[in-house]
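Q: Before I ask anything, let me first share the structure, which is written out below as C-alpha cells.
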C-alpha cells in the first residue's frame, strides 16, 4: 500500500528533495522546525570565521534564486515581524520571526562571500548562488494542537558549577539527540565542549537533557533532535545571584 500525502505535504517533500542538504560547511543552521501559529521562534545560524565581517541575511521564498531578504545585519536590526542579531565572538547570527502564519515556511540563512573590500557596498550579492553561502530552513506552522517538537522556553539560564535540565516535548517518531550548534551531539551521554550531557527518554513523549558542571563556555545555542525535527535552545551560564551579592559585599569591604 502506498501512503497518501496531501498537496501541502507533497510540497514540503519536494522542497526537501530538491533543496535540503547538509548545507555549506560555511553556514549551518537548524533545518526543520515545528512552530505554533501566532507564536514566535528564534533561529541561530553559524558561519565560518572568514565571514565574520560579511553581511548576513534572512531570505524568504520557496526557491533560493527568487527569494527576498526580510532582514539583514547591515541595516535596521528589526523590521516588522523580523529581527536579527549577531554574536561575532561565537560566529552566530540569530533571526527571530514573530506572529507566525502558514506563509512562514521557506527561509534561507545567507552570508555574503564577496571580498572584504566590497562589504557595505549597495549590492544584492545574495540574490545569486555564487554570491553567498546559504543554508535552507523549513518551518512547519501548526494551527491546531502542539508543535511536533517544542520547548517551554527557547532561552534558559544556568549557573556556574551547577546542572540544568531542559525538557523537549515531541509527538513524532525517530532518533533523539542533544547538539550544540557547530559542535557535537549526544544521544545518550557524553561531553559537549567539556560539559557533561545526558539524554533521558524515560518519560513518554519527553526528551530530558541534563547538563552538569556548567561553565561560562557552556553558553551557546543547542538544539533538541527528534526524528528529522530540531528545536533550538539558547543557554546562558552565569554566576548565581547569591554569589553575585557575596562578591559585591567582598568588593565593598
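Q: Once you place label points 7 Å from the Cα toward the Cβ at residue 200 and residue 212, how far apart are they in nm?
A: Here the modelled spin labels are 1.1 nm apart.
Q: I would also like to ask the following. Fewest first, what order do 234, 99 take by the number of other Cβ atoms within 10 Å? Show your work: numbers first, answer last.
A: On the way: 234 19, 99 11.
So the residues, fewest neighbours to most, are 99, 234.
Q: In nm, what is the difference between 0.36 nm times the number of residues separating residue 50 and residue 89 and their Cα-Cα distance? Walk me through the numbers before you get to the answer.
A: Numbers: separation 39, 0.36 × 39 = 14.04 nm, distance 1.23 nm.
Roughly 12.8 nm would be gained on extension.
Q: Let me ask you something else. Under a plain spin-label model, where a point goes 7 Å from the Cα along Cα-to-Cβ, how far apart in nm are residue 183 and residue 37?
A: Distance between the two pseudo-spin positions: 3.8 nm.
Q: So, in nm, how far is label residue 172 from label residue 240 when the simple model puts each one 7 Å beyond its Cα toward the Cβ?
A: 3.9
Q: Multiplying the sequence separation of residue 164 and residue 79 by 0.36 nm and subtracting their Cα-Cα distance, what value in nm do you get? Let's see the in-between values first.
A: Working: separation 85, 0.36 × 85 = 30.60 nm, distance 3.41 nm.
Gain on extension, residue 164 to residue 79, equals 27.2 nm.
Q: How do 66, 150 line up, fewest other C-beta atoms within 10 Å first? Mind showing how you got there, number by number?
A: On the way: 66 9, 150 22.
Lowest count first: 66, 150.
Read-outs throughout are calculated quantities, based only on the coordinates presented, and are distinct from any laboratory measurement. As the structure is a computational prediction, the values presented were derived from the model and not from experiment. Cβ: placed from backbone, ideal geometry, glycine included. Neighbour counts: every protein chain shown.
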